[in-house]
Amino acid sequence: MTVDELFDRLWRQYCGTTATAARIHQRFMVMDGQVVNDHVAFRTFADSPISLARLEPALLSLGYRQDQHYAFAEKKLRAVSYLPAHSHQPRIFLSELVWQEFSSAFKREIAAVIAQIPPDLKVTPALLYSGRLWSLPRQASYELLAQESEYAAWLYVWGMRANHFTVSVNHLTLNQSLEKVVHGLQADGFALNTAGGAIKGSPQVGLVQASTLADQVIQSFVEGELRVPACYYEFAQRYPDANGTLYEGFVVASADRIFESTHRQESAN
C-alpha cells in the first residue's frame, strides 16, 4: 500500500461520517482550486496491541520518520508527530490514552476492551482504518468512560480511523490566512470549536489552528442507536522561524483544546 492509497482510503472513510468536512472541502476546491492536508490524526490506547509503539512501524514502513514527542498531563495522553518522506504528503499526529492513570472502574472497562484485540495482531498501514477491533459498544460503558475521558469514549465507539484531517492554510490561494478562513466558515454557519478561542496558537509559536466541532451521527450500541460525536475538520497555518524554516511541529496548549472538538457537549448538531 502506498501513502496516497492509504490516505485515499482514510479520506473516504472519514467523509462517510463527517459530512461537514466534505462540504468544506468542496467549498475550498471551488474557491482555491486545491486542498492540501497539513496533517492527519489518529487516537489509540497505550499498553495495548495497538499502542503508539506497536503502530509506529507501520508508519515507518511508509517512509515517515519520528519528529517530536508531546505530553498532555490533564487528559492523560501521549503523542508523537511524524514527518513524511515527501513534502506533498501530510504529517501524522498519533496520540494514545494512558489509561492506567484513571480510576479502577475506568481501567476495568478499558482492560476489557483491550482484551478483545488479538495480541498477535498484524500491524500494517491498513490497521489505521480498521475501525473497532472489539465488540459493539455498550451505552453504560460509553457513559462511564466519558465521565473521565471524552477521548476514551470516542475511541471506544470508533476505534482505528482518522480522527481528523487538516486543511493547510499555507497552500490556499484565496484564503491566505487562518483568520480569513475562520471568518468565512462562521459566516457560512459552520460551528467551530471555540474552547480557548476559535483560533488557537500564534505566529510566535509557529502555528495557528482552528477546527469545526465534530459532526454528531447515529451509531449502533448493544442497547440500540445513539447519537455521538464523530470526526471534525481542522485548519492550520504554519510560520517560519527566525532562520526562515517552517515550523513542523505542534503546540501542546493548542492541541489540548483541539482534542475537545469531539467532546459531547461541544459537538455540532
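The values are calculated or read from the model by the stated rules, or taken from the named source; none is laboratory data. As the structure is a computational prediction, the values presented were derived from the model and not from experiment. All Cβ positions, glycine included, derive from the backbone under ideal geometry; neighbour counts span all protein chains shown. SASA here: full protein model, heavy atoms, side chains in, ligands and nucleic acids out. Shrake-Rupley method; radii C 1.70, N 1.55, O 1.52, S 1.80 Å.
Segment 81-129 and segment 45-68 have Cα centres lying 8 Å from one another.
Pairs on different chains or at least eight residues apart, Cα atoms closer than 19 Å: how many lysine pairs in the chain fit?
Numbers: LYS75/LYS107; LYS75/LYS200; LYS76/LYS107; LYS180/LYS200.
The number of close lysine pairs in the chain is 4.
Evaluate the distance, in nm, between pseudo-label points positioned 7 Å from the Cα of GLN176 and of ALA22 along their respective Cα→Cβ axes. Modelled inter-label distance: 3.3 nm.
Over the chain, what relative contact order in percent results from Cα pairs under 8 Å that are six or more residues apart? Let's see the in-between values first.
Working: 496 pairs, mean separation 56.5, N = 269.
Computed value for the chain: 21 percent relative contact order.
Only protein heavy atoms count here; under a 1.4 Å probe, ASP241 has an accessible surface of about 80 Å². Evaluating 6.51 cos²θ - 1.76 cosθ + 1.60 at θ = phi - 60° for every residue in segment 159-169, the Karplus couplings come out as x, 7, 5, 5, 6, 7, 9, 9, 6, 7, 5 Hz, glycine and proline recorded as x. Contact order for segment 54-207, expressed relative to its length and based on alpha carbon pairs under 8 Å spaced 6+ residues apart, stands at 14 percent.
So what is the 222 nm mean residue ellipticity for the chain from helices alone, if each DSSP H run of at least 4 adds -39500 (n - 2.57) and you divide by all residues, rounding to the nearest 500 deg cm²/dmol? Don't skip to the end; give the middle numbers.
Details: 8 runs with 83 residues, N = 269.
Calculated mean residue ellipticity at 222 nm is -9000 deg cm²/dmol.
Ignoring ligands, DNA and RNA, how do ARG43, ARG264, ARG227 rank by accessible area with a 1.4 Å probe, largest first?
Correct descending sequence by accessible area is ARG227, ARG264, ARG43.
With every protein chain in place and a 1.4 angstrom probe, the accessible-area ranking of MET29, MET1, MET160, largest first, reads MET1, MET29, MET160.
Compute the FRET efficiency between GLN186 and SER87 as 1/(1 + (r/R0)^6), taking r as their Cβ-Cβ distance and R0 = 35 Å, and round to the nearest 0.05.
Working: r = 31 Å, r/R0 = 0.88.
Calculated value: 0.70.
Which whole-number percent gives the relative contact order of segment 128-179, counting Cα pairs below 8 Å spaced six or more residues apart? Show your work: numbers first, answer last.
Values: 37 pairs, mean separation 20.6, N = 52.
Relative contact order comes out at 40 percent.
In the context of the full set of protein chains, the chain has a per residue accessible area of 42 Å² (1.4 Å probe).
Applying 1/(1 + (r/R0)^6) with R0 = 30 Å to the Cβ-Cβ distance of ARG108 and ILE218, what FRET efficiency is obtained, to the nearest 0.05? Write down the numbers at each step before the final one.
Values: r = 28 Å, r/R0 = 0.92.
Efficiency for this residue pair is about 0.60.
For ARG138 and GLN100, the FRET efficiency from 1/(1 + (r/R0)^6), where r spans their Cβ atoms and R0 equals 25 Å, is about 0.70. Using heavy atoms of the protein chains and a probe of 1.4 Å, the accessible area assigned to VAL222 is about 70 Å². Amide H to amide H, with H built 1.01 Å from N, VAL36 comes under 5 Å of SER168, counting only residues 5 or more places away or on other chains.
Of the accessible area of the chain, with the probe set at 1.4 angstrom, what percent is carbon plus sulfur? Working shown, then result.
Details: 5680 of 11340 Å².
With neighbouring chains kept in place, the figure for the chain is 50 percent.
Of all the options GLU96, GLU234, GLU109, the one that moves most in a Gaussian network model of the chain with Cα springs shorter than 10 angstrom is GLU109. Between the labelled values (1) 17.8, 57; (2) 20.0, 72; (3) 21.2, 66, the entry that holds Rg and Dmax of the Cα atoms in Å as derived from this structure is (1).
Taking Cβ atoms as reference points and 12 Å as the exclusive limit, the residues near VAL205 contribute a net charge of +1, counting Lys and Arg as +1 and Asp and Glu as -1. Summing charges over all other residues whose Cβ lies under 11 Å from the Cβ of VAL123, with Lys and Arg as +1 and Asp and Glu as -1, gives 0.
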